[in-house]
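For reference, the structure is listed below as structure tokens.
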Amino acid sequence: MTVEPNRHLYEICHNVPKVELHCHLFGTIRKNTFLEFNERAGKPFTDKEILAFYIRGEKPVGVLRAFRTLDSRLIKYARDLYRLTFEYLEDAKSHNIHYTEFSWNPTGTVISSGIPFKDAQRAIADAIEEAHSKLRITGRLICAIDREDSPERAVQMVDWMIANPDPIHTIGIGIDYRETNRGPQLFFDAYARAKEYGFKLTAHAGEFETPWQNVQYAVNSLQVDRVDHGYSMLHNPELVQQILKEQKVITVVPTNSYYLRTLPRSQWASKHPIRQMIKLGLKIHPNSDDPTLHDSNSTKDWMMMVECFGATIEDLERFSLNGIDGCWAPDESKLQWREDIKDFFKHYK
Ligand SMILES: [Zn+2]
């Protein structure tokens, strides 16, 4: 079925029970929280600069500088991470996300903010528990390597996780920040160590038209359970075939700012790699990444899959099921969630 833009699309994308697998805690910060932390820190940003993050212009404002300043100036206490986490989970729930595996970069928190890993992890876990009991949303934490920092710091991050185990809440590792010239091979040791200790693995790879070899290395050498972005795999048909065969789940981001920045507006929707990934039948799952700083949310992102990239209702059902396959929840939960999704989509066939 081809979907015409209609009132049902919002209803479907908002109401479908969703999991989220690719979202960065700092990229979920609410405007008022950002303004408040900024005020408390003596205003390293002007209000105007902060407000600019919350407007999705044709050339988006890069979010990485905001993340660095959150680490170095604005996040001061473990309770700040509690607040970010609870507010994120509240916002996610308002778009019918019932389960999320979200990322946080411990290195910045520990080294720049000066908050010990144990306290930071505890604050996030407390917020997860509070949200679970008040809002009925389940949050799980992915500790993400800052790839602009050294391989040694990445191993150190995994060592913090091993020394402070919280297997209920902290279940995996990832890697993010700017990928250019910071290929995944730099972080082999950190991934091997995390795998040895039973953590699940994901990695940003092939995000900024960076070489397809980054995706291949993440899949074959880091042995990731899923891939974040993965777009440049499209430059290697054999790799695409391998990933199709392995049924590897790829978390994609409709609002990805690299393509918004580099493709002309008139070609953006037709040339965005997500369009091709849908056609190839890759096992993709749409995600919000940095929702508030990209002026987006899960409902909008799921709508974009249809409105911009040509997905159908059947594709939306498939994406929903891909999310269940790709998440790290217990199998018994997944069985029920698959049934819920199939029931939901029966009404739209
Ligand atoms: Zn991301």
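What the table shows:
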read-out	value
Most mobile listed residue (309, 319, 37) in the chain, GNM with C-alpha springs under 10 Å	37
Listed residues 54, 142, 345: farthest to the positive end of the dipole of the range 7-346 (Cβ charges)	54
Sites residue 347 and residue 261, calculated FRET efficiency, Cβ-Cβ separation with R0 56 Å, nearest 0.05	0.90
Calculated log₁₀ intensity ratio I(q)/I(0) where the Debye formula runs over C-alpha points of the chain, q = 0.10, 0.11, 0.14 Å⁻¹	-0.56, -0.69, -1.18
Length gained when the stretch residue 166-residue 65 is fully extended (0.36 nm per residue, less Cα-Cα span)	33.4 nm
Within the range 162-202, backbone nitrogen closer than 12 Å to the virtual label 7 Å beyond the Cα of residue 118 toward Cβ	163-165
Fluctuation leader among 89, 186, 293 - the chain, Gaussian network, Cα springs under 10 angstrom	186
Simple label model, 7 Å out from Cα along Cβ direction - residue 129 to residue 223, nm	3.3 nm
Between the range 166-198 and the range 297-333, the Cα center-to-center distance that results, in Å	25 Å
Prolate/oblate/rounded label for the range 266-323 (Cα gyration tensor, a/c 1.5)	oblate
Estimated inter-spin distance, residue 36 and residue 150, nm [label 7 Å along Cα→Cβ]	3.8 nm
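Values quoted throughout were computed directly from the atomic coordinates according to the rules given, and no laboratory measurement underlies them. None of these values were measured; they are calculated from a predicted model. With ideal geometry, Cβ positions are generated from the backbone for all residues, glycine too; neighbour counts draw on all protein chains shown.
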